[in-house]
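Below you'll find the structure, written out as structure tokens, and then a few comments.
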Amino acid sequence: MPETSSRPSAATRAYAHTKSAILAGRFAGGSLVSEGEVATELGVSRTPVREAFLRLEAEGWMRLFPKKGALVVPVAPGEQHAVLDARLLVEEHAAAHVVAEPARAARAADGMREVLARQRTAWQAGAEAEFARLDAELHQTLVRAGGNDLLATFYLTLEERQERMTRGSLRAVPAVGSAILEEHATLADDLEHGDLEAFSAHLRAHFVTAFGEHR
């Protein structure tokens with residue numbers, strides 16, 4: 001039966017499946033994944049899987065080796081620090097604009113708390129993937145509130161790297177999730193109180209809690 005517009009193509013499904021496995025750590029950085037392995041999991045031929053792997057290679061998630069498989073590209077040395085540097089610059093810039101207007105600060109804090117409530121639910125349910133996705137969404141809520149669409153668009157390009165890093169932290173130190181939730185609440189309070197200095201200090205401390213680093 002031919003594919004319909006309402007059903008993703010086999011290549012699209014293979015792409016989504018493989019990327020999800022990479023972000024979740026099921027296909028770990030440095031491991032080799034074969035076309036046949038993914039094809040068997042999805043019940044499709046190798047051709048759409050090959051298309052998916054080529055797309056993932058173009059995005060920098062995989063490196064293909066003929067007759068051997070696809071290497072999952074591990075997080076490069078310095079990549080985590082580079083991502084955190086970029087996040088720090090964008091989030092502090094957004095916060096500075098947000099706290100300049102009390103009404104905007106209150107709306108941003110409320111928006112972050114709404115996402116935080118869903119993140120708490122995900123944590124209680126043991127839904128690691130949803131927790132990591134909502135972690136990125138909460139910080140995006142702040143950046144959008146800053147009102148700079150170009151920076152907000154750039155920040156979205158970091159989303160998948162953010163999720164991969166968060167899930168890696170949760171696997172390494174499972175209890176870190178509780179601390180992340182409490183620190184998110186503190187960041188929202190700082191915004192509502194208009195305290196940019198406290199927000200910046202708590203954001204940097206938050207990165208240390210969640211990822212073990214930042215200056």
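Just so it is clear, none of the values below were taken in a lab; they were calculated from the coordinates. Nothing here was measured: the structure is a model prediction, and the numbers come from that model. Counting neighbours? That spans all protein chains shown, and the Cβs are built from the backbone with ideal geometry, glycine included.
Computed quantities for the displayed model
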read-out	value
3J(HN,Hα) from dihedral phi, segment 94-105, Karplus parametrisation 6.51/-1.76/1.60, rounded to Hz, x for glycine, proline	4, 4, 4, 6, 5, 6, 5, 10, x, 5, 5, 4
Cβ-Cβ FRET estimate between Arg63 and Glu213, R0 fixed at 30 Å, reported to 0.05	0.70
Part-to-part distance (alpha-carbon centres) for segment 126-191 and segment 53-92, which is given in Å	18 Å
Pair Arg113, Thr40: separation of 7 Å Cα→Cβ label points (nm)	5.2 nm
Gain in span if fully extended, Gln124 to Ala76, counting 0.36 nm per residue against the direct Cα distance	14.1 nm
Neighbour cut-off at most 11 other Cβ (10 Å), DSSP loop, GluC sites (Glu not before Pro), segment 136-215	Glu213
Relative contact order (%) - the chain, alpha-carbon pairs under 8 angstrom, separation at least six	20 percent
The chain: calculated mean residue ellipticity at 222 nm from DSSP helix runs of at least 4, using -39500 (n - 2.57)	-23500 deg cm²/dmol
Percent of Cα-Cα distances greater than 19 Å, calculated over segment 10-72	14 percent
Under the Karplus curve 6.51 cos²θ - 1.76 cosθ + 1.60, θ = phi - 60°, whole-Hz ³J(HN,Hα) for segment 50-62, x wherever Gly or Pro sits	4, 4, 5, 5, 4, 5, 5, 5, 4, 8, x, 8, 9
Fraction of the pair-distance distribution of segment 5-135 above 26 Å, Cα-Cα pairs, percent	45 percent
Full-extension gain in nm, His93 to Ala179, via 0.36 nm per residue minus C-alpha separation	28.5 nm
Listed residues Phe27, Ala152, Gly78: farthest to the positive end of the dipole of the chain (Cβ charges)	Phe27
For Phe27, distant residues with modelled amide H under 5 Å away	Ile22
Percent RCO, i.e. relative contact order, over segment 52-135, from Cα pairs under 8 Å lying at least 6 residues apart	12 percent
Fewest-first ranking of Thr209, Thr157, Thr47, using other Cβ atoms within 10 Å as the exposure measure	Thr157, Thr47, Thr209
In order through segment 137-142: 3J(HN,Hα) via Karplus (6.51 cos²θ - 1.76 cosθ + 1.60), integer Hz, x for Gly, Pro	4, 4, 5, 5, 4, 5
